[in-house]
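Just so it is clear, none of the values below were taken in a lab; they were calculated from the coordinates. Since the model is a prediction, treat every value here as computed from it, not as a measurement. Every residue, glycine among them, receives a Cβ derived from its backbone with ideal geometry; neighbour counts consider all protein chains shown.
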Amino acid sequence: MLAPKKFADTTLEEWRKIYDINVFSGIALAQAAITELRKSKGCIVWVSSGAAAKQYAAWSSYGSSKAVYNSVSAHIALEEPDITSVAIAPGRVDTEMQGVLRSEGQSSMNKAQYDSFVEAKEKGILLKPEQPGNVMAKFVADPLKELSGKFFSYVLHNILGHQRLMTVQMELTRGRGIPRIGSSLGMLETRTWISQAMLALCLCR
């Protein structure tokens with residue numbers, strides 16, 4: 001959930017609502033599943049955002065809520081050696097939230113940042129929800145344990161009319177630069193994408 005309002009203009013009640021939706025819903029799901037995830041050596045994919053590491057005017061509540069996922073994921077990776085826990089920034093996805101941003105963000109956001117989101121929609125370069133959904137499903141089906149605790153985004157390339165996840169670009173926000181780790185996960189098949197209702201957290205296996 002994103003409600004584009006500057007820090008000084010966001011009420012405490014609005015902060016609570018955003019954190020209830022963006023943070024506590026996912027934490028509740030993870031805690032409920034943790035015992036079974038230990039047994040199955042499962043994987044938790046936390047849907048983060050580039051805003052967890054980059055600042056956008058009027059996004060303080062949203063960006064900080066996503067940064068919580070990055071930290072929680074890293075802590076779970078440390079505490080639960082049998083569980084793979086990663087935070088993934090899916091990129092700019094053509095969801096209802098993007099519409100809210102374009103309709104409500106002009107007065108409060110930085111103009112250049114706001115214009116970039118409008119332009120992305122006009123040029124048709126927003127990702128379809130099934131694109132990051134398929135990527136996450138592929139990762140959960142065959143997780144890389146060595147990536148547990150990390151925060152990363154990915155790059156999709158169009159090759160011969162097919163979408164292939166060519167690289168998983170690790171973006172570590174720990175003050176040591178941005179190492180990049182490549183991982184080919186094969187051709188993306190048409191599958192049921194992770195629904196918007198479950199984007200707070202994808203718990204699989």
request  = Compute the convex hull volume of the Cα atoms of segment 24-164, divide it by the residue count, and report the result per residue in Å³ as a whole number.
outcome  = 118
message = Through the Karplus equation 6.51 cos²θ - 1.76 cosθ + 1.60, θ set to phi - 60°, convert the phi angles of segment 34-44 into ³J(HN,Hα) values in whole Hz; use x for Gly and Pro.
response = 4, 5, 5, 5, 4, 5, 8, 6, x, 9, 10
task = Over the residues of segment 75-156, compute the C-alpha Rg and express it relative to 2.2 N^0.38 Å.
result = 1.38
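May I ask for the net charge around SER116, where only other residues with Cβ less than 13 Å from the Cβ of SER116 are counted and Lys, Arg are +1 while Asp, Glu are -1?
Here the count lands on +3.
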task = Please arrange THR84, THR11 by counting, for each residue, the other beta carbons lying within 10 Å of its beta carbon, fewest first.
result = THR11, THR84
query = Which of the lysines could a cross-linker bridge to LYS145, judged by Cα under 25 Å and excluding same-chain residues fewer than eight apart?
reply = LYS39, LYS41, LYS66
query = In which sequence would GLU36, GLU80 go, from the one with the fewest C-beta neighbours within 10 Å to the one with the most?
reply = GLU36, GLU80
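Using only alpha carbon positions, build the gyration tensor of segment 16-64, then give the equivalent ellipsoid semi-axes as the square roots of 5 times its eigenvalues, largest first, whole angstrom. All intermediate terms of the calculation are to be shown ahead of the outcome.
Numbers: eigenvalues 147, 34, 4 Å².
Calculated on Cα positions only, the semi-axes equal 27, 13, 5 Å.
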query = Taking θ as phi - 60°, what are the ³J(HN,Hα) couplings along segment 15-23 by the Karplus curve (6.51, -1.76, 1.60), each to the nearest whole Hz, with x for Gly and Pro?
reply = 4, 4, 4, 5, 5, 4, 7, 7, 10
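Using Cβ contacts closer than 10 Å as the measure, can you line up LEU147, LEU2 from fewest to most?
Result, fewest neighbours first: LEU147, LEU2.
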